[in-house]
Amino acid sequence: MKVNSWNEWGPLKHVIVGRADGTQVQAPEPAIFRDWPDEGYPRGTHGPLPDELVEAANAQLDHFTKVLTDRGIRVDRPVPLDFGKPVSTPEWTQDSMFGCMPGRDVLITLGNEILEATMSYRSRWFEYLCYRPLIESYFREDKEMRWEAAPKPRLTSASYREGFWDEFEALSFDDQVERVSRNDLVLTEAEPLFDAADIARFGKDLFVQLSLVTNRSGIRWLEQHLPNHRVHTVVFGNSHPLHIDATWVPLRPGLVLHCGERTADEALVQYFKVNDWEVVEAAPARHEVAPPLSPCSRWLSMNTLSLDEKTICVEASETAQIDQFVDLGFEVIPIPFWDVAPFGGGLHCSTVDIQRESQFEDYFPKRYGRF
Ligand code: ARG
């Protein structure tokens, strides 16, 4: 057993796959806006996702697990908590937690290090506990593993802009994107905050998205913590930026998939081009919107898991995306996963790679602008 992963495409040997058990529509909290009256959860209410949905999602997660283990990949699963229970720190109480389907949000492997993110939702403050039995066993088995956790955030009212959601949700799409471009969003800079899924790993270069869950201070903390990496702050033309893995997806050295609808900064695109990377716009997503109760967008079509540079797991109904990957020379493994979306994401979100054959490499020898 060895913790080692530097990028998103090295041959995958060991991975965590999440579970749907007990996932909640979170109780109201300053960082989150939820209003799903048609699904029985109007603004202000909270409670468990229906049992039928949990069963359907777990069946797909178990099938995905089997596909991976049949290929000789070791798969571990987190241990759910009783997410419906209230939690508190000395400074606040939150009426419920969330779940443990998208481990990608909580943990990131960088070389031999597993880093626990701060998170920025009170409902996700304790989620790391679901992964601790696994992390403890890795720490015992691999004497070289580094186990790190970012500073636990306080998440008091000082970390959030008061009245943000009423103001923001009343804006037009263009005005929302404009506020995103200025990073005038729900998080203040009171303390470092980031979700691990806002980081895309390209060897030495890490691209970290400023988002509804990641602030500048969080990225500054990452820069200081990872002195051997180049840590780049990126923003896309996205009205609700939340995790980079349906926006800017590394596929193999020299190839990145971009969600065209979410415009990229010209300097970012040029940085890739001068370093001989091709930026390819993702094929149209199959669905108009994500399924009921999902906090995600239809661009889960791009939320893929690479098994190596030539082999990629893609959601089975995303036929245009599958065809595009085949044209780009990939072997595609279609995985039915749409029922998992209400639990927090797609194939990339639901996984955390623990071991990929990979080394610390510099794929961007040339500088461009601020990059
Ligand atoms: N927020 C992204 C979107 O809707 C989905 C990515 C979710 N990623 C994750 N790691 N949970 O486009």
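Bear in mind these aren't lab numbers, they're just calculated from the coordinates by the rules spelled out. Bear in mind that the values here come from a model prediction, so they are computed numbers and not experimental data. Quick reminder, even Gly has a Cβ in these numbers, built from the backbone with ideal geometry, and neighbours come from all protein chains shown.
About the Cα centre, and with charges only on the beta carbon of Lys, Arg (+1) and Asp, Glu (-1), how big is the dipole of the chain? Nearest 20 debye, please.
1100 debye
How many angstrom separate the Cα center of the range 147-203 from the Cα center of the range 209-276?
Cα centroid of the range 147-203 versus Cα centroid of the range 209-276: 15 Å apart.
Below 8 Å between Cα atoms, with a sequence gap of 6+, how large is the relative contact order for the chain in percent?
Dividing the mean separation by the residue count of the chain yields 23 percent.
Which value, to two decimals, describes the C-alpha radius of gyration of the range 1-128 once divided by 2.2 N^0.38 Å?
Relative to the rule-of-thumb radius for its length, the range 1-128 sits at 1.19.
The range 309-371 to the range 9-44: how many Å between their Cα centroids?
Using only Cα atoms, the two centres lie 20 Å from each other.
Could you sort the peptides 312-320, 260-268 by per-residue average Cβ neighbour count (10 Å cutoff), highest mean leading?
Taking the mean over residues of other Cβ atoms within 10 Å, the ranking is 312-320, 260-268.
List the lysines whose alpha-carbon lies under 25 Å from that of Lys366, not counting same-chain residues fewer than 8 positions away?
Of all the lysines, those that pass the test against Lys366 - Cα under 25 Å, at least 8 places apart if same chain - are Lys204, Lys273.
Applying a 10 Å radius around every beta-carbon, put 183-190, 33-40 in order of their mean neighbour count, most first.
183-190, 33-40
Let me check against my output: what whole-number percent is the relative contact order of the range 220-328, with C-alpha pairs under 8 Å and at least 6 apart?
Once divided by the residue count of the range 220-328, the mean separation gives 21 percent.
Where Rh is the Kirkwood radius over the Cα pairs of the chain, the temperature 10 °C and the viscosity 1.306 mPa s, what D in µm²/s does Stokes-Einstein return?
After rounding, the answer is 77 µm²/s.
Rank by packing, highest mean first: peptides 171-181, 49-59, 351-361, with packing defined as the count of other Cβ atoms within 10 Å averaged across residues.
My ranking of the peptides, most packed first, is 351-361, 49-59, 171-181.
Rounded to two decimals, what is Rg over Rh for the range 88-193 when you use alpha-carbon atoms and the Kirkwood radius?
1.05
Straight distance only, please: which lysines reach the Cα of Lys13 with their own Cα at less than 19 Å, same-chain residues fewer than 8 apart left out?
Here the lysines satisfying the reach criterion relative to Lys13 are Lys2, Lys66, Lys143, Lys310.
Rounded to the nearest angstrom and ordered from largest down, what semi-axes does the equivalent ellipsoid of the range 232-371 get from its C-alpha gyration tensor (root of 5λ)?
So the three semi-axes of the range 232-371 are 25, 18, 14 Å.
Putting +1 on Lys and Arg Cβ atoms and -1 on Asp and Glu Cβ atoms, find which of Pro80, Gly47, Leu115 reaches farthest to the positive end of the dipole of the range 32-148.
The one lying farthest along the dipole's positive direction is Leu115.
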